[in-house]
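Enquirer: Before I ask anything, let me first share the structure, which is written out below as structure tokens.
The values are calculated or read from the model by the stated rules, or taken from the named source; none is laboratory data. Source: prediction; values computed, not measured. Cβ placement follows ideal geometry from the backbone for every residue including glycine, while neighbour counts extend to all protein chains displayed.
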Amino acid sequence: MKSCHSFFVGCLFWLLCNPSFGQSDPAYEPAVTAIKSVLPAVVNINTERLVRRQIRGPEDDYYEQFFDGPSRRPIEIQQRVKSLGSGFLVDANGLIVTNEHVVQRAQDLKIKVTLNDGRSFNARYVAGDSASDLALIRIEDGGALPYIDLSKLSPNLLGETVLVLGNPLGYGSSVSRGILSATDRTVTVQGTEYHNMLQTDAAINPGNSGGPLIDLSGSLIGVSSVKMAFTSQGIPTQGLGFAIPAETVRAKVEQLKLSGSSINSHPRSSPSRTGRPPNLH
């Protein structure tokens, strides 16, 4: 009996003195395992579009004022403008979901996709919907690719952990963490009104647009869309990021796959254009 007592006392003493006692292996943390399973399906999107604009000389105002017309025909110049965003694969054959505002103006020029494993592909624009700010693009010849299963969505419970994956400021394979702060939000950002949005305090920055928000099981919560950096009075804000709900994403993906071209519908989660385009991220 005494030997058993001594054995248990010794074991307890060892556990208490062992610095690893009570500490879990970070490799098995829920957030780590969720990111490990989903990150291979997240892509970086770089677009290049052609912008045309007219330039005027100082003498044009003079001629219009006194001679009812410009001194010459307007000069038009063209510029190639590059931008970046995020997206994620939704099937093994290269179909990618992103924001329409990330790719819409580049659909006739150039869309480049970089996978998490470093491989790059030219993508083609499949279909898009400006009302819901969702679009599909596709890459070819990538082989069997990892993807996010849209049949398994997060329940989107208030307070649940939110992991934002994407390409903020060009830093690929980045992760930020927060909680689901609210659902069914209507928010106006720089003259554009958004309905039925999810709100999170997880960091959403330029380049995150189109990337996934996931929960600790790796299920899709939504798609990063917009960040409110300032109030309408110009007051800086913190922790106000907004996303398109996963249910809306799933329904719109099925619709876009059938349409194969741009459509103009008004789903539950949609921006209403009330002024100049927003500073989307």
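Enquirer: Of (1) in a strand (DSSP E or B); (2) over 13 Å from V43 (Cα atoms), S86 satisfies all except one. Which?
Expert: Every condition holds for S86 apart from (2).
Enquirer: Right, another one. Say whether the condition of being in a loop (DSSP other than H, G, I, E, B), modelled with pLDDT of 95 or more, surrounded by fewer than 22 Cβ atoms within 10 Å (Cβ to Cβ) and in contact with an Asp or Glu (Cβ under 6 Å, 6 or more places away or on another chain) is met by at least one residue in segment 179-195.
Expert: no
Enquirer: Might you let me know whether segment 171-179 holds any residue that is in contact with a strand residue (DSSP E or B) (Cβ under 8 Å, 6 or more places away or on another chain), of a type in the set (D, E, K, R), within 30 Å of S120 (Cβ to Cβ) and assigned by TED's automatic domain parsing to the domain that holds K257?
Expert: Yes: segment 171-179 contains one or more residues that are in contact with a strand residue (DSSP E or B) (Cβ under 8 Å, 6 or more places away or on another chain), of a type in the set (D, E, K, R), within 30 Å of S120 (Cβ to Cβ) and assigned by TED's automatic domain parsing to the domain that holds K257.
Enquirer: OK, next. State yes or no: is S86 more than 16 Å from the chain's Cα centre (by Cα) and at pLDDT 95 or above?
Expert: Against the criterion (more than 16 Å from the chain's Cα centre (by Cα) and at pLDDT 95 or above), S86 does not qualify.
Enquirer: If you check G172 against the conditions, is it surrounded by fewer than 24 Cβ atoms within 10 Å (Cβ to Cβ), at pLDDT below 95 and more than 28 Å from Q255 (Cα to Cα)?
Expert: Yes, satisfied.
Enquirer: Another question, then. If we scan segment 223-235, do we find a residue that is modelled with pLDDT of 95 or more and not acidic (D, E)? Don't jump to the end; show me each part of the working.
Expert: Taking segment 223-235 first, the residues modelled with pLDDT of 95 or more are 223-224.
From what is left, the residues that are not acidic (D, E) are 223-224.
Yes, some residue in segment 223-235 is modelled with pLDDT of 95 or more and not acidic (D, E).
Enquirer: So if I check each of L158, L150, which one is surrounded by 14 or more Cβ atoms within 10 Å (Cβ to Cβ), in a loop (DSSP other than H, G, I, E, B) and more than 15 Å from the chain's Cα centre (by Cα)?
Expert: L150
Enquirer: Which of (1) modelled with pLDDT of 95 or more; (2) in contact with a strand residue (DSSP E or B) (Cβ under 9 Å, 6 or more places away or on another chain); (3) surrounded by fewer than 22 Cβ atoms within 10 Å (Cβ to Cβ) is the odd one out, the single condition D91 does not satisfy?
Expert: Every listed condition holds for D91 apart from (2).
Enquirer: With the requirement that a residue be in contact (Cβ under 8 Å) with a residue 24 or more places away in the chain and not in a strand (DSSP E or B), what does segment 218-237 give you?
Expert: If the condition is that a residue be in contact (Cβ under 8 Å) with a residue 24 or more places away in the chain and not in a strand (DSSP E or B), then G218, S219, M228, A229, S232 are the ones that fit.
Enquirer: For the list (1) more than 12 Å from the chain's Cα centre (by Cα); (2) closer than 10 Å to A243 by Cβ, I need the number of the one condition that S224 fails.
Expert: Just one mismatch for S224, condition (1).
Enquirer: I would also like to ask the following. Of all the residues that make up segment 200-219, how many are surrounded by fewer than 20 Cβ atoms within 10 Å (Cβ to Cβ) and not hydroxyl-bearing (S, T, Y)?
Expert: So the answer is 5.
Enquirer: Another question about this same structure. Would you please name the residue that is modelled with the highest pLDDT, looking only at residues in segment 61-83 that are aliphatic (A, V, I, L, M) and either crowded, with 17+ Cβ neighbours inside 10 Å or more than 24 Å from L136 (Cβ to Cβ) (or both)? Outline the logic, then answer.
Expert: Step one: of segment 61-83, the residues aliphatic (A, V, I, L, M) are 75, 77, 81.
Of the ones still in play, those that are also either crowded, with 17+ Cβ neighbours inside 10 Å or more than 24 Å from L136 (Cβ to Cβ) (or both) are 75, 77.
Values: I75: 68, I77: 63.
Among those residues, the one meeting the criterion is I75.
Enquirer: Hey, does segment 132-142 have a residue that's among the polar types (S, T, N, Q) and over 16 Å from the mean Cα position of the chain (by Cα)?
Expert: Checking segment 132-142: not a single residue is among the polar types (S, T, N, Q) and over 16 Å from the mean Cα position of the chain (by Cα).
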